[in-house]
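A short write-up of the structure that comes next.
Values in this text are rule-based calculations from the coordinates and carry no lab data. Nothing here was measured: the structure is a model prediction, and the numbers come from that model. Neighbour counts run over all protein chains shown; Cβ positions are idealised from the backbone, glycine included.
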Amino acid sequence: MPPFLTTMPEANPPMLSVSELKSSESANGRAFTALLVVKKLAGKTASNGNPFLSVDLGDRTGSFGCTVFSDHPGFEGLKHAGEGAVVRVEGKVEHYQGRLSPKLARVTVVPESELAAPGLMENLVEVAPEDATALWAEFNTFIEGIGHAELRATVRAVFDEIGEGFRRAPAAVAMHHAYRHGLLEHTTHMARAARALLPLYPEVDAPLAMAGVLLHDTGKVIEYEGTLATRRSRRGILQGHVVLGYQLARKAGMKVRLDADRLERLEHIILSHQGEPEWGAAVYAATPEAVFVSMIDNLDAKMGMVQRTLRQATAGDIFSDRLPGLNTPLLTQPPT
């Protein structure tokens, strides 16, 4: 692990975003100041027995990981502030094993009274690149287009219950669409793909598949919590979004008297959409509709990783850092 600076940086260093810190213009040794969100925070112990913090810091343009040892002046403040805190960071740009890993001279927690400053939150919170209002309007056309009355009523009943939370929620903590409105974006993209692909597969019941697409991740509204940093809730840890989404669909289906066969098939789509048990699926996909939805979910999750990585790539980058969801770095330069 890289060492951390404990001396003071130069006076009044420039305020930089994460994307600016990662740019080719930010050479090693460049002093900077940044306002960042503590995205992840984990207390650990080094091999010599000394405690340290593994921290992910970020803003709307990206994030990076760093290590803060117990002898660092910002250690206690970070430890007690926790995930979701906003911090002012001063330090110098450094890289470790090819990744941005700044040497931090000072870390100061920004008090809540200062978070209302104009533009501050907008600069910290990453949001979906598409307009959320337009996405929600389009999403509702997919609900209205479901060609089976009770399935349509089932889907509508779920979103009557969770709609506001669904519109804001991320689709993940880190892997894909992990930003505000990300769940709405991910599900709308899947619905677009389903609409385009359904004519190729007449064996798939279209209303059932579309209902499954729209409901497959609804449990994430309950699984995730947090405004600036996403974390799993108590129910999210104990039950998981697959079971939580199954419960939402079952409750709504029974309320509108969806027939038992379709309700079971809809529940199965939700329970199996993760694809593999090690990825969180309760069962393997065992109906045409469940296979269809699971494959589209996997496609959009991976392409979401690609899209976000390309958006955050800086000029001069050839490859990104390794993406855990793809098990490889991504070539970020377009074909010539």
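What the table below lists for this structure:
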{"item": "Contour minus Cα-Cα distance for Ala132 and Gln239 (0.36 nm per residue)", "result": "35.7 nm"}
{"item": "Long-range amide H partners of Ala105 with built H, under 5 Å", "result": "Glu90, Gly91, Lys92"}
{"item": "Karplus-derived HN-Hα couplings along region 54-59 (A = 6.51, B = -1.76, C = 1.60, θ = phi - 60°), whole Hz, x at Gly and Pro", "result": "9, 10, 10, 10, x, 9"}
{"item": "Phi to ³J(HN,Hα) by Karplus 6.51 cos²θ - 1.76 cosθ + 1.60 over region 145-158, Hz, x for Gly, Pro", "result": "x, 5, x, 9, 4, 6, 5, 4, 5, 5, 4, 4, 5, 5"}
{"item": "Over 26 Å [Cα-Cα, region 132-312], rounded percent", "result": "21"}
{"item": "Charge sum, other residues only, whose C-beta stays under 12 Å from Thr287's C-beta, Lys/Arg counted +1 and Asp/Glu -1", "result": "-4"}
{"item": "Nearby lysines by direct alpha-carbon distance to Lys92 (threshold 29 angstrom, same-chain neighbours under 8 apart not counted)", "result": "Lys22, Lys39, Lys40, Lys44, Lys79, Lys103"}
{"item": "Rounded to 5, percent antiparallel among DSSP beta bridges of the chain", "result": "95"}
{"item": "Cα lying deepest toward the dipole's positive end in the chain, options Asn48, Gly77, Pro170, charges on Cβ", "result": "Asn48"}
{"item": "Calculated from backbone phi, Karplus (6.51, -1.76, 1.60) coupling profile of region 28-39 in Hz, x at Gly/Pro", "result": "3, x, 5, 6, 7, 10, 8, 9, 9, 9, 6, 6"}
{"item": "Cα centroid of region 34-54 to Cα centroid of region 89-165, whole Å", "result": "24"}
{"item": "Long-range amide H partners of Tyr224 with built H, under 5 Å", "result": "Ser233"}
{"item": "Fully extended contour minus Cα-Cα distance, from His80 to Val306, at 0.36 nm per residue", "result": "77.9 nm"}
